[in-house]
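Report on the following structure.
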Amino acid sequence: MNLTFRKLAGVPALGIAFFWRLSLDAGSPAFVFDHFIPELFFDYLYIESGDVQCVQQGRTFHLPRQSLKTLFTRPVEFIYSVPLVMYGVRLKLGFTESFSVEMKANDFLEQAWVEGEAGDLETFKQQVMNHLETKRQERFPYPLFSAGLDESGWLVNFSARHKRRLYQAAFDLSRKELLNIRNLQAFLEQVCDFSSQNPRIIQHMAPDVYYDQPHLNHAFKKMTGRSPVDYFETVSILQDNLMSASYNEI
């Protein structure tokens, strides 16, 4: 199977980490399975050709041609109809502070950021930037976080009840759920070779992230649907490349 993944630099002011294009071609029509786990990124997906089905908690459905993948707390499977050409935008947590939409976690929100065909990655990038700039609307007077998941000086002074409302409005998740995702990704950062040309997991553990092996196994399986060993052997096409680009940038 021929796989091509390209990316372009993002726009920090708009909460954009980077833009990307994925193409898959097996020489003849085929189906390719892809496993996704929770990350602290939103992903806008634009399917130019081919088809993408999503398997989520036993339910299978076709993704819209354009959709926004919100924050997930559980795994999701993609089934690609190959040949496939898909564009996307990886969006940081701060993106939701200036994008006015009712967030719903563990979901794909149908969107219309691109008119007609994407054309190429540069054209796609320009179309997305134009759309987001015209739709930009500050939802909060100040940023929610100062760095990572550290609450900003503005957010930290609110009551626990009001904070829950703000987290719900911005992410449809609690702070605890965000921290669980961060812990999962912190573990993977330490065991993944993200500098590799073919980014995959290397075989060693990072016990300082979780207090013991049973704790790691339970938390990992709850969020990924697999044990760490099983996950390390799982083929992930798009997310491996997205994670590689994300952590290399960081």
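Per-structure values
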| read-out | value |
| --- | --- |
| Members of the stretch 87-119 that are in contact (Cβ under 8 Å) with a residue 12 or more places away in the chain and either at positive phi or among the charged types (D, E, K, R) (or both) | ARG90, LYS92, GLU97, LYS104, ASN106, ASP107, GLU110, GLU115, GLU117 |
| Contacts under 9 angstrom Cβ, first residue in the stretch 158-169 being among the polar types (S, T, N, Q), partner surrounded by 13 or more Cβ atoms within 10 Å (Cβ to Cβ), 6 or more apart | GLN168/MET103; GLN168/SER174 |
| Which listed residue, of PHE95, PHE78, PHE108, is of a type in the set (Phe, Trp, Tyr), closer than 26 Å to GLN185 by Cβ and either in the same structural domain as THR234 (by TED's automatic domain parsing) or touching a Pro at 6+ places or on another chain (Cβ under 9 Å) (or both) | PHE108 |
| Residue within the stretch 41-48 that is β-branched (Val, Ile, Thr), free of Cβ contacts under 8 Å to residues at least 60 places away in the same chain and buried (at least 16 other Cβ atoms within 10 Å of the Cβ) present | yes |
| Enumeration of residues in the stretch 38-69 that are among the charged types (D, E, K, R) and assigned to a strand (DSSP E or B) | ASP43, GLU48, ASP51, ARG59, LYS69 |
| Some residue of the stretch 69-90 being farther than 26 Å from ARG226 by Cβ, crowded, with 21+ Cβ neighbours inside 10 Å, in contact with an Asp or Glu (Cβ under 9 Å, 6 or more places away or on another chain) and of a type in the set (A, V, I, L, M) | yes |
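The values are calculated or read from the model by the stated rules, or taken from the named source; none is laboratory data. All values reported here derive from a predicted model rather than from experimental measurement. Glycine gets a Cβ as well: all are built from the backbone with ideal geometry, and neighbour counts include every protein chain shown.
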